[in-house]
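Below: one structure, written as structure tokens.
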């Protein structure tokens, strides 16, 4: 039974191939058609991703992230968040890699078993890179008006930020 997990994905692929062959589906042709469609989707969403990555880089390099984090400290205290995690809360909905860099810095400076480290860990697990996800998924299907998606997703992120602190307090104390 040990090592069985190494065979799961190849087994699933083999089942799909076998099923396609039994159904007289030109498996390789269908695969190439899907690959071509995937490539055209990637080309279509590339401008959104480049713009998003550039904006995050400018936001961090200009010092605006630090300035905004400092300005939001009273709001963080009101919501029960440690002020040290504000840069993570600001960057996480925009950039996964930027959020991960801030997260690593928090763990390096405060430790993974500290209150700040635990809150940051729960934040990383309970929130999403909202703008990236919207750019990729809506860009893939050419949706230009996101309607209620952005406010709902940012509301869910805010709930994830606040409740991460509450969950850590409830489970571990201060």
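Throughout, read-outs are computed from the coordinates displayed, never taken from laboratory work. Because the structure is a prediction, the values reported are computed rather than measured.
A few points about this structure:
- When the chain is treated as a Gaussian network with alpha carbon springs shorter than 10 Å, the biggest mean-square fluctuation among 115, 103, 28 belongs to 28.
- Nearest 10 degrees, 0 to 90: helix 96-110 Cα axis against the chain principal axis: 40 degrees
- GNM result for the chain, Cα springs below 10 Å: residue of 82, 26, 74 fluctuating most strongly: 26
- From the coordinates shown, Rg/Rh (Cα atoms, Kirkwood Rh) corresponds to which of [x] 0.98; [y] 1.11; [z] 0.94: [y]
- Angle of helix 115-126 to the longest C-alpha principal axis of the chain, folded into 0 to 90 degrees and rounded to 10: 30°.
- Seen against the Cα atoms of the chain and their longest principal axis, helix 27-61 is set at about 20 degrees.
- Build a GNM of the chain with springs between Cα atoms under 10 Å apart, and of 16, 78, 161 the one that fluctuates most is 16.
- Remark: relative contact order (segment 109-170) = 47 percent; criterion is Cα-Cα distance under 8 angstrom and separation of 6 or more residues.
- Mean separation of Cα contacts under 8 Å, 6 or more apart, over the residue count of the chain: relative contact order %: 22 percent
- For segment 2-47: rounded, prolate or oblate by the Cα gyration tensor [a/c cutoff 1.5]: oblate
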